[in-house]
Amino acid sequence: MATARHFICSVLVVSITLAAAYVEELDDRFNEMRRSEPWLVEFYAPWCEYCKTFEPIWYDVAAELKSQGSHINVGKLDTTLYTDAVAEFKIRGYPSIIFIKGDKYFHYNGQRTKDAILEFTYRVSGPSVRALTSVRLFQHVLSRHQLCFVYVGGRSPLKGQFYKVASEFVIHNYFFSATVDVLPQAVTLQDGPSVVVFKDGSYDIYNEVRDGNLSSWVDRERFPRYFLMDSFSLYQMGERTKLVAVAVVDEKNPSAESIRYKSLVEKVATEYSDQYSMNFQFGYVDGNDYINGVVMGELPMPSLIVMNMSIDGYYLPGYTVETTEDLLQFLNSILTGRAELLGGNGFLRRIKRLYYRATSALKTSFASAPFGTCFLISLPLVVIGFIVMGICTAERVDDEKADDGTHSAVTHRKRAAVKHSEAKKKD
Ligand SMILES: *[C@@H]1O[C@H](CO)[C@@H](O)[C@H](O)[C@H]1NC(C)=O
Ligand SMILES: *[C@@H]1O[C@H](CO)[C@@H](O)[C@H](O)[C@H]1NC(C)=O
């Protein structure tokens with residue numbers, strides 16, 4: 001037994017050191033090294049606990065790239081020793097994963113898993129527009145990617161714009177170019193060059209007059225009409241100009257109601273896309289962890305919620321949504337300004353939110369939370385937040401009704417604590 005365990009342990013130690021050997025500890029010479037070769041770099045700080053949790057994944061990423069014979073180097077850089085990097089690469093938290101190729105660099109914002117990081121690396125390390133040279137290749141790409149953009153045609157000003165937009169959005173999506181003769185039969189375009197988005201088993205053609213400039217169209221179209229949103233995609237929605245309408249469900253305990261909510265949202269997303277896709281991004285979310293951070297309380301599951309992620313504001317229907325008409329009525333009330341906007345990012349709400357995130361960060365799993373990050377700038381803010389929260393909640397516990405209509409997690413918890421101690425007294 002003891003020898004077997006000993007053997008396993010030494011195998012583990014050897015393989016970890018081997019994997020670690022593929023990750024180079026970088027120093028100030030990095031600035032010259034990056035000129036000649038592409039690098040995937042983890043920027044970290046020794047005090048950051050999340051960086052330590054992340055380390056084994058990073059070693060796996062390096063070992064996998066090595067075993068594939070990739071020319072991409074993998075490194076890590078201690079930003080407390082090489083502080084210039086923070087400003088140069090616009091680092092806002094740790095660990096930061098950045099792919100660097102000469103003067104260009106791409107921040108990774110997805111889940112911190114080996115596969116997701118490798119996929120990102122593959123996408124950004126190649127050309128931002130890849131050529132589809134045969135019908136078979138075209139079909140292969142369509143079957144492999146849930147969503148992609150394709151330029152079809154010869155040389156044109158539109159092609160130039162497409163390349164420019166592709167280099168901006170390649171961190172999120174795949175971009176291809178093809179000539180008309182390799183177009184699959186199922187696709188028909190009008191004459192002349194086109195940009196096409198393939199998604200949801202169908203396609204849409206960019207129309208400059210109707211859709212505005214190519215960049216804003218790609219930004220609107222770069223998500224499927226309806227999809228499972230993880231915390232990273234929700235986080236990204238903050239940079240967008242659409243409201244996010246989701247069914248919040250517990251996939252491990254799918255009740256009849258949650259299935260109904262999902263299918264209602266999906267139906268509106270697909271059948272009413274013409275009317276609503278300009279203003280809404282539809283989807284569903286498994287679990288309420290991230291959204292609790294927006295509403296700063298416990299959102300029941302299943303729920304329907306519409307969020308304005310850029311200001312952390314949200315709308316709730318306020319009645320039971322039974323039919324498609326109910327849901328459309330809810331969406332219309334938001335568009336016409338009749339629905340009440342809850343939450344938002346006023347100064348106090350922002351401090352409350354930092355406090356909420358700081359206190360709930362411990363509960364959420366690292367790989368699935370965008371806040372599984374040691375923040376560079378907000379750390380002092382969180383401290384201030386704690387102090388301010390202390391002052392505000394001390395004054396507010398008694399007149400909860402005077403609050404902004406929503407129950408904060410803190411007052412909830414305090415109330416629970418009061419009830420608890422009352423119950424104890426009775427015993
Ligand atoms: C595209 O249009 C958006 C707004 O519609 C604007 O903010 C952006 O600057 C435009 N981009 C280009 C490249 O013209
Ligand atoms: C979110 O709220 C802000 C501030 O009220 C507003 O300017 C913006 O248009 C809203 N976003 C959407 C997508 O409606």
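Restricting attention to helices (runs of 4 or more DSSP H) lying wholly within region 226-323, give those where 1 or more residues are closer than 20 Å to GLN111 by Cα and within 16 Å of ligand 2 (Cβ to nearest atom).
Answer list for region 226-323: 231-236, 289-295.
The condition (being more than 21 Å from LEU142 (Cβ to Cβ) and at pLDDT below 95) is satisfied by just one residue among ASP200, ASP204, ASP219: ASP219. Taking the listed residues LEU158, LEU147, the one that is within 16 Å of ligand 1 (Cβ to nearest atom) and in contact with a Pro (Cβ under 6 Å, 6 or more places away or on another chain) is LEU158, with no other qualifying.
Just one residue in the set VAL135, VAL86 is over 26 Å from VAL196 (Cβ atoms), more than 16 Å from ligand 1 (Cβ to nearest atom) and touching a residue at least 40 places away in the same chain (Cβ under 8 Å); that residue is VAL86.
Do you know which residues across region 308-319 are under 29 Å from the mean Cα position of the chain (by Cα) and more than 16 Å from ligand 1 (Cβ to nearest atom)? Once the filter is applied, which keeps residues that are under 29 Å from the mean Cα position of the chain (by Cα) and more than 16 Å from ligand 1 (Cβ to nearest atom), region 308-319 yields ASN308, MET309, ILE311, ASP312, GLY313, TYR314, TYR315, LEU316, PRO317, GLY318. The sole residue among ASP204, ASP250, ASP219, ASP191 that is within 26 Å of SER134 (Cβ to Cβ) and touching a residue at least 12 places away in the same chain (Cβ under 8 Å) is ASP204. Residue pairs whose Cβ atoms lie under 7 Å apart, sitting 6 or more positions apart in sequence or on different chains, and linking a residue in region 97-122 that is over 16 Å from PHE43 (Cβ atoms) to a partner that is assigned to a loop (DSSP other than H, G, I, E, B) and among the hydroxyl-bearing types (Ser, Thr, Tyr), are GLN111/SER368. For region 167-188, a residue qualifies if it is assigned to a helix (DSSP H, G or I) and among the hydrophobic types (A, V, I, L, M, F, W, C), and the qualifying residues are PHE169, VAL180, VAL182.
Here ALA339 clears all of (1) within 16 Å of ligand 2 (Cβ to nearest atom); (2) surrounded by fewer than 17 Cβ atoms within 10 Å (Cβ to Cβ); (3) in a loop (DSSP other than H, G, I, E, B) except the condition numbered (2). Candidates in region 320-347 are the residues that are touching a residue at least 40 places away in the same chain (Cβ under 8 Å) and in contact with a helix residue (DSSP H, G or I) (Cβ under 7 Å, 6 or more places away or on another chain); of these, the one that is nearest to ligand 1 (Cβ to nearest atom) is LEU331.
Listed residues LEU331, LEU348, LEU327; which is more than 28 Å from ARG220 (Cα to Cα), hydrophobic (A, V, I, L, M, F, W, C) and part of a helix (DSSP H, G or I)?
Going through LEU331, LEU348, LEU327 in turn, just one is more than 28 Å from ARG220 (Cα to Cα), hydrophobic (A, V, I, L, M, F, W, C) and part of a helix (DSSP H, G or I): LEU348.
Annotation note: of TYR105, TYR82, the sole residue that is within 23 Å of the chain's Cα centre (by Cα) and hydroxyl-bearing (Ser, Thr, Tyr) is TYR105. Within the group ASN292, ASN279, ASN288, ASN332, which residue is in contact with a Leu (Cβ under 8 Å, 6 or more places away or on another chain), modelled with pLDDT of 85 or more and surrounded by fewer than 16 Cβ atoms within 10 Å (Cβ to Cβ)? Sole residue among the options that is in contact with a Leu (Cβ under 8 Å, 6 or more places away or on another chain), modelled with pLDDT of 85 or more and surrounded by fewer than 16 Cβ atoms within 10 Å (Cβ to Cβ): ASN279.
For region 93-134, a residue qualifies if it is within 17 Å of HIS71 (Cα to Cα) and of a type in the set (Gly, Ala, Ser), and the qualifying residues are GLY102, SER125, GLY126.
Taking into account only those residues within region 216-229 that are surrounded by fewer than 20 Cβ atoms within 10 Å (Cβ to Cβ) and away from ligand 1 (no atom under 16 Å from the Cβ), which is farthest from TYR203 (Cα to Cα)? Here the answer is LEU228.
Could you look through region 198-220, keep only residues that are part of a helix (DSSP H, G or I) and more than 16 Å from ligand 2 (Cβ to nearest atom), and pick out the one that is farthest from the chain's Cα centre (by Cα)?
Only one residue fits best here, namely VAL209.
The values are calculated or read from the model by the stated rules, or taken from the named source; none is laboratory data. Everything numeric in this text was worked out from a predicted model, so none of it was measured. Virtual Cβ from ideal backbone geometry, glycine too; neighbours counted across all protein chains shown.
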